[in-house]
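Since the structure comes first, as structure tokens, the remarks are kept for the end.
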Amino acid sequence: MADAPQSRYADKVEPIPVAGSTDGYDEGRISLGRQLLRPRTIVSFLVALAIIVYVVSRQDIQFAQVWANMRNADPILYLLAFAAYYSTFYIRTVRWKQVLRNAVYSDDTEHKIPSTPRLTRIIMLSWFANSILPAKLGDGYRGYLLKRASGVSFYRTMGSIIAERIADVGVLFTLLLASGLIAFNDRFPPGFGTLVAFGAGLAALSLGGLFFLRFLSPYVTAVIPQRIRPNYVRLEHGVLMAFSNRLWEIILLTAVVWGLESARFWFVSASLGYALDISLVVFVALAASLLTTVPFTPAGLGVVEGAVVAALMLVIDDKSVALSIALLDRIITYWSIVLIGAVLYVFNHDK
């Protein structure tokens, strides 16, 4: 796949536009504040609240005990969980740099790829946006921020981000299925089949999308209106060329990301004195990550917490401990992102 796309796009894609060019994309400032106040965002938080209330109301949980568990968590292990999680942003940045070299900067002699710290900041801001907005809108915000930072094509950048998501889903689903089969054997938790089907659907959609772009796109391009055709070709280029070089490095870095996500969850559970089986840890951590893609709530708020508690209660009899682990984990993966992301957003010059 490395050579064919290159020859195909060599004479069809215009050079990456200089800074200040619209590239068919609105250069107006994107305000997360305005997005946050939109009805769809407010509704998404109400849906998350309804899910949380429903799940909690169906469980006989002693919240005083939950709070006591959380206060007594081992601080060293919990800090290691923080470290494992925030290390993923550096790994994601290294991976994105390689993907950008393949898909966005491969034929650009004018613009330079931003520094690693700047790209890391952009990724964290996109995670922040995904935490306060539904439907993964933070991914579009990431493309916007990179365009603001270096003037490269928004649509090629979005193609690179889609390619990242494809790699994430492929590796995540493989590890999720394998760890789930090992962890539960023949005693699958409620909703296991639904979760696996959801992951399989995303994986099939991702692979199907790649197949479509690789083999069927010429027919689609021919019928797309001329006005939007250049942007479609740029997007397609970004997806296909993302894997043109160092594919195994991209896959390896993706596996490291999910390994660190699993390590984070193990440290969280261990901080409460529960050294869970590795296969269970991998399954729960990756299931939580998969459910953050649910478009109805920001970062799967409400859905993730309920699913984690349900899975943990198969191996932990104490409901308060299961909820304590879920909440401690989400403090890291959701609430800390909201807090740190808000600070970065206030002081970000590219916004």
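FYI, it's all coordinate maths here, none of it is from the lab. Fair warning: this is a prediction, and the values are worked out from it, not measured in the lab. Note: ideal-geometry Cβ built from the backbone for every residue, glycine included; neighbour counts use all protein chains shown.
The ellipsoid equivalent to the alpha-carbon distribution of segment 89-208 has semi-axes of 33, 15, 13 angstrom, derived from the gyration tensor eigenvalues as √(5λ) and listed largest first. Between D74 and W335, the C-beta separation translates, for a Förster distance of 25 Å, into a calculated FRET efficiency of about 0.80.
Just report the Cα centroid separation between segment 239-299 and segment 72-91, whole Å. After rounding, the separation between the Cα centres reads 14 Å. Among I228, I166, I42, the largest mean-square fluctuation in a Gaussian network model of the chain (Cα springs under 10 Å) belongs to I228. Summarised as an ellipsoid, the chain has semi-axes of 37, 22, 19 Å, derived from the eigenvalues of the Cα gyration tensor scaled by 5 and square-rooted, with the largest first. Each residue in K147, K112 was given a count of other beta-carbon atoms within 10 angstrom of its own, and listing them fewest first yields K112, K147. Taking the number of Cβ atoms within 10 Å of each Cβ as an exposure proxy, the fewest-first ranking of D277, D186 is D186, D277. Lysine pair count for the chain with Cα-Cα distance under 19 Å and sequence separation of 8 or more or different chains is 6.
With springs only between Cα atoms under 10 Å, which of L312, L37, L272 fluctuates most in a Gaussian network model of the chain? Highest fluctuation of the listed residues: L37. Using only the alpha carbon atoms of segment 145-250, find the Kirkwood hydrodynamic radius as the inverse mean reciprocal pair distance, in angstroms to one decimal. Evaluated on segment 145-250, it is 15.9 Å. Other residues within the sphere of radius under 14 Å centred on the Cβ of V66, judged by their own Cβ, net out at -1 (K and R +1, D and E -1). Net charge of the neighbourhood of L291, taken over other residues with C-beta under 14 Å away and scored Lys/Arg +1, Asp/Glu -1, is -2. Rounded to the nearest 10 degrees, the angle from helix 336-346 to the longest Cα principal axis of the chain is 40 degrees.
Summed over qualifying helices (DSSP H, 4 residues or more, each -39500 (n - 2.57)) and divided by its residue number, the chain shows a 222 nm mean residue ellipticity of -23000 deg cm²/dmol. Annotation for segment 179-284: trypsin sites (Lys or Arg not before Pro) lying in DSSP loop with at most 11 further Cβ atoms inside 10 Å of their Cβ are R187, R227. Specify the angular offset, from 0 to 90 degrees and rounded to the nearest 10, of the alpha carbon long axis of helix 192-211 from the longest principal axis of the alpha carbons in the chain. On a 0 to 90 degree scale, this one is about 10. How far is helix 247-271 tilted, in degrees, relative to the longest principal axis of the Cα atoms in the chain, given as a value from 0 to 90 rounded to the nearest 10? Result, in degrees: 20.
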